[in-house]
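Undergrad: Structure in structure tokens, see below.
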Amino acid sequence: SQTIHQWPATLVQPVGSPLSLECTVEGTSNPNLYWYRQAAGRGLQLLFYSVGIGQISSEVPQNLSASRPQDRQFILSSKKLLLSDSGFYLCAWSGIPSYNEQFFGPGTRLTVL
Amino acid sequence: RKEVEQDPGPFNVPEGATVAFNCTYSNSASQSFFWYRQDCRKEPKLLMSVYSSGNEDGRFTAQLNRASQYISLLIRDSKLSDSATYLCVVKGQAGTALIFGKGTTLSVSS
């Protein structure tokens, strides 16, 4: 069966510091991968998605970036965090047999102080 | 008009009650529809996909009305464990993103 991992689970970072969040998927090949953010009291917002290695589509302009160095690895990064980057970051995957349904990892709760 | 709208609630119901959630979407080209469940401080989990003919999974029934751009979720015989936030989710054509509603909060009490 497929599983999705994210780390770290929680993170507290000062403003201006860099960020690296990692997501890996097991048990599937060629998944579509997604990064979402859920800010307090708001809905999930899609940040990036990828349909293959090295391919990244950005949905929202911001100071975050994403990379997909391997088929089942998706990384979210920032060079300098802002207060507004605080939130719950969720990685998701979709794939065989249905690319329509997405399955989420446990998330990283980021607080920027 | 927001892309996916839900009544935020909260819906407070006793165990055993039947409760219905509604959702409307703005993009008539939307092709796939889902309900997700999210527990407090946890990730969303897929509850069920919603098909044009309507579908049922145990105590849960989902219905879609494309003409009215309306989706519903009915929960029968509510359990304490049903307490959560229910997210209405809509997707356009292949390759497009999922659009999430902000969710409806359900609290089931004994």
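Undergrad: Identify the GluC sites (Glu not before Pro) of the stretch A:1-69 meeting these criteria: DSSP loop state and at most 14 other C-beta atoms within 10 Å of the C-beta. Don't skip to the end; give the middle numbers.
TA: Values: sites: A:E22, A:E26, A:E59; in loops: A:E59.
Listed in order of number, the matching sites are A:E59.
Undergrad: Can you give the log10 of the normalised intensity I(q)/I(0) at q = 0.10, 0.15, 0.17, 0.22 Å⁻¹, computed with Debye over equal Cα scatterers of chain A?
TA: Once normalised to I(0) and log-transformed, intensities are -0.26, -0.59, -0.75, -1.23.
Undergrad: Please order A:Y99, B:Y25 by the number of other Cβ within 10 Å, starting at the fewest. Numbers along the way, then the final one.
TA: Working: A:Y99 17, B:Y25 22.
The most exposed by this proxy come first: A:Y99, B:Y25.
Undergrad: Using a 4.7 Å cut-off between beta carbons, which cysteines in chain B end up with no partner cysteine at all?
TA: By the Cβ distance rule, which asks for a partner under 4.7 Å, the isolated cysteines are B:C40.
Undergrad: Here is a further query. Once the Cα atoms of the protein assembly as shown are picked out, what are the Rg and Dmax in Å?
TA: 17.8, 51
Undergrad: Separate question: Of the listed pairs B:K2/B:K91; B:K2/B:K79; A:K79/B:K2; A:K79/B:K42; B:K42/B:K102, which have alpha-carbon separations greater than 22 Å here?
TA: Correct reply: B:K2/B:K79; A:K79/B:K2; A:K79/B:K42.
Undergrad: Give the residue list of chymotrypsin sites (Phe, Trp or Tyr not before Pro) in the stretch B:48-110 that are DSSP loop and have at most 13 other beta-carbon atoms within 10 angstrom. Display every interim value, and only then the final one.
TA: On the way: sites: B:Y51, B:F60, B:Y70, B:Y86, B:F100; in loops: B:Y51.
Sparse-neighbourhood loop chymotrypsin sites (Phe, Trp or Tyr not before Pro): B:Y51.
Undergrad: Tabulate in residue order the Karplus-calculated ³J(HN,Hα) for the stretch B:6-23, using 6.51 cos²θ - 1.76 cosθ + 1.60 with θ = phi - 60°, rounded to whole Hz; enter x for Gly and Pro.
TA: With coefficients 6.51, -1.76 and 1.60, one gets 9, 6, x, x, x, 9, 10, 10, x, 3, x, 6, 9, 9, 10, 10, 10, 8 Hz.
Undergrad: Size of chain B along its principal axes in angstrom, Cα-based, largest extent first?
TA: The principal-axis extents, from largest down, are 42, 30, 22 Å.
Only the coordinates and a few stated rules stand behind these numbers; no lab work does. Small disclaimer: the values here were computed from a predicted structure and weren't measured. All Cβ positions, even for glycine, are placed from backbone atoms using ideal geometry, and neighbour counts span all protein chains on display.
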